[in-house]
Structure formats: structure tokens, C-alpha cells
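This report refers to the structure that appears directly beneath it.
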Amino acid sequence: MAEKRAKRSSEPQSGTIRVEWYRSAIATPEKHKTIVRSLGLTKLNQVVERPDTPAVRGMVAKVPHLLRIID
């Protein structure tokens, strides 16, 4: 029943991207807020790692004024 969990390292893995939420979504359309939340971002200046897939890249591309990809 015990699940194995991957250890988180400080360096990004080859199949992931790091996304930072750096701009408030207060005066943006509801769709933009939904995209930010669906990426797992809950707080401003938060950084999350997501798989580098076309779907995730497309979501980030929809709101480039709110998010940035961290190297």
C-alpha cells in the first residue's frame, strides 16, 4: 500500500518546466484566473514544476502577462 514518491531536487528535471506566477490576476478575465489555478498556483511569486507537455506550454502561452518560465 505504500506509494513511492519521487524526491524533489533543486535542479529541474529534463521533462519539466518551472512556472512562476509574478503578476496579480485581479483585473483579468475569469478564464485567465482559471488557467493560473489549474497550473497549481495559489500565491503570488509562487514557483511550481509541471511536466513539459504541449498542454502545459499552451496554458502558459495564454497568460504570458501573468506567468513566466524560470530557467
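Kindly list, by first and then second residue, each pair from a residue in the stretch 46-68 that is of a type in the set (D, E, K, R) to a residue that is surrounded by fewer than 16 Cβ atoms within 10 Å (Cβ to Cβ) and not in a strand (DSSP E or B), limited to pairs with Cβ atoms under 6 Å and residues at least 6 apart or on different chains.
Every condition considered, the pairs that remain are Asp52/Gly15; Arg68/Tyr22.
For the stretch 32-42, does any single residue satisfy the condition of being at pLDDT 95 or above, surrounded by 11 or more Cβ atoms within 10 Å (Cβ to Cβ), assigned to a loop (DSSP other than H, G, I, E, B) and over 11 Å from the mean Cα position of the chain (by Cα)?
No: the stretch 32-42 contains no residue that is at pLDDT 95 or above, surrounded by 11 or more Cβ atoms within 10 Å (Cβ to Cβ), assigned to a loop (DSSP other than H, G, I, E, B) and over 11 Å from the mean Cα position of the chain (by Cα).
How about the stretch 53-67: which of its residues are exposed (fewer than 15 other Cβ atoms within 10 Å of the Cβ) and not in a helix (DSSP H, G or I)?
Listed by number, the residues that qualify are Thr53, Pro64, His65.
The values are calculated or read from the model by the stated rules, or taken from the named source; none is laboratory data. A quick note: this is a predicted structure, and the numbers were derived from the prediction, not measured. Methodologically, a virtual Cβ is constructed for each residue, glycine included, from the backbone with ideal geometry; neighbour enumeration extends over all protein chains shown.
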